[in-house]
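In what follows, a single structure is set out as structure tokens and then discussed.
Every number here is computed from the coordinates shown, using simple stated rules; none is lab data. Predicted, not measured: the structure shown is a model, and the values here were computed from it. All Cβ positions, even for glycine, are placed from backbone atoms using ideal geometry, and neighbour counts span all protein chains on display.
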Amino acid sequence: MDDSKIVELYRKRDESAVERTMEKYGHAYYAVTYGVLRQKEDAEECVNDTYVKLWEAIPPESPDDLGSYGCRIARNLALNVKKAMGTKKRAHAEVVYDEIAECVPSGESADAIVDRMALSRAISRFLSSQSPQKRMIFMRRYFYMNTTAEIAKILHTTEPTVKMALHRMRAKLKKYLESEGIER
């Protein structure tokens, strides 16, 4: 079933919308939450909370891409859970963010929302200029928060190959963002 039909079910308050969403996107939502939390039970709970948030958000929201919309909700829920856990050890998510932090601008300002939107569009343009494999590596690392070993396994390559690709992409991204006028 395509997204527009599922969204229509949400609008009609038809509970089968949740079932259809689970069938179509449940695995993606789980991958996102597990990538952040690294604990099966917590990841599953965040996925269930994602369905509740979707139910509450639609309507009035009407996402064109239910998969991406739900992944964003799932990821934010997982990050909130991770933050609430208050772990003293350096979290996996922090390691991933530290890697990409050297490429993106830091600090908040009155125009932070506009700046984040511009940054998001610039990163999207940068990724569209990359090969499908490089895009997958980037998204797996910085959105799904997979380890480099997990990415290597998924792509049937070696971990050093993935690490080198990420290193080179971060360098290219930094140069690209600077050329777009988005600097650290």
**Item:** Note, ³J(HN,Hα) from phi for region 11-25, Karplus 6.51, -1.76, 1.60, rounded to Hz, x at Gly and Pro
**Value:** 4, 7, 6, 8, 5, 5, 4, 5, 4, 5, 5, 4, 5, 7, 10
**Fill in**
Scoring only Lys, Arg, Asp and Glu (+1, +1, -1, -1) among other residues with Cβ under 12 Å from the Cβ of K172 yields +4
**Request:** Give me the distance between the Cα centres of region 155-184 and region 1-65, rounded to whole Å.
**Result:** 31
**Message:** Let's test the formula: R0 of 30 Å, r as the Cβ-Cβ distance of L119 and K24. What FRET efficiency results, to the nearest 0.05?
**Reply:** 0.55
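Relative contact order of region 3-85: what whole-number percent is it, with Cα pairs under 8 angstrom and at least 6 residues apart? Before the final figure, lay out each step's value.
On the way: 73 pairs, mean separation 31.5, N = 83.
This gives 38 percent for region 3-85.
Within 15 Å, Cβ to Cβ, of Y10, how many net charges do the neighbouring residues add up to if Lys/Arg are +1 and Asp/Glu are -1?
Net local charge, Y10 excluded: -4.
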**Highest average packing first - 160-167, 29-36, Cβ atoms within 10 Å** = 29-36, 160-167
**Message:** On a full-extension model of 0.36 nm per residue, what is the gain between Q39 and V52, subtracting their alpha-carbon distance, rounded to one decimal in nm?
**Reply:** 2.7 nm
